[in-house]
1. In Å and on Cα atoms, what radius of gyration and Dmax does region 17-80 show?
2. Please report, in debye to the nearest 20, how large the charge dipole of the chain is about its Cα centre when each Lys and Arg carries +1 at its beta carbon and each Asp and Glu carries -1 there.
3. List every residue whose amide H lies under 5 Å from the amide H of Leu28, counting only residues 5 or more places away in sequence or on a different chain, with H placed 1.01 Å from N in the peptide plane.
4. For the chain, with the dipole built from +1 on Lys and Arg beta-carbon atoms and -1 on Asp and Glu ones, taken about the Cα centre, which of Ala118, Ser43, Thr79 lies farthest toward the positive end?
5. What is the dipole size for region 1-60, taken about its Cα centre, with +1 at each Lys and Arg Cβ and -1 at each Asp and Glu Cβ, in debye to the nearest 20?
6. Students often get this wrong, so try it: which of (1) 16.7, 54; (2) 22.0, 71; (3) 14.4, 40 is Rg and Dmax of the Cα atoms in Å as calculated from the structure shown?
Amino acid sequence: MSCVNFRDVGEWITLLGRGDLLPAGRLLRGGKLDAVQEAAEISNPGTIVNLRQGPDRQTFGAEYRHVSIPNSYEKYDTTDPTVRRWLNAVAQAVCDAPAFPVMLHCTSGKDRTGVAVALLLTALDVPREIIVEEYLLSDGEVEQAWIERALDGIGDVRRYLARVEVQRLRTSLRGA
């Protein structure tokens, strides 16, 4: 695979026992796209949301959004106001995505992407244990305590996503 930690989040949520919460083919995740040669390798995303600082060299004809945060911020500290603003911007980018599936990616597809996906899954009312398990599927250094910390900081997702219309986000992600 030319994109580390690439997966269809909906497929995995279904395999983990909750297919009614996020259909396959709506939300993709992974690492940097530099070695990807063709859009089919990453399930032909309609919108790519780049969470890393540098731009993508190619967007494979997809709509493109760049929603980064400086490396100096601890992304798992979701109580940090800057991290919260960044995550609100990520959720808004997904909410406003003109085409699906949406692919979120960063450099390795586990930290920034992991926290952002955890937030989106929280907005979909995916049970916490499934969010943690989906995060732990990533290769590389990941720890349950890190994603638990991020989820604890999010708390009530409607309050956390004060800048995003949560019901519209849910509808966008589910395709309903």
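Rule-based calculations on the coordinates, nothing more; no lab input. Quantities reported herein were computed from a predicted structural model and do not represent experimental measurements. Every residue, glycine among them, receives a Cβ derived from its backbone with ideal geometry; neighbour counts consider all protein chains shown.
1. Taking only Cα atoms of region 17-80, I get Rg and Dmax of 14.1, 38 Å.
2. Here the size comes out at about 580 debye.
3. Val9, Val102, Met103, Leu104
4. Sorting the options by dipole projection puts first Thr79.
5. Rounded to the nearest 20 debye, it is 200 debye.
6. Read-out from the structure maps to (3).
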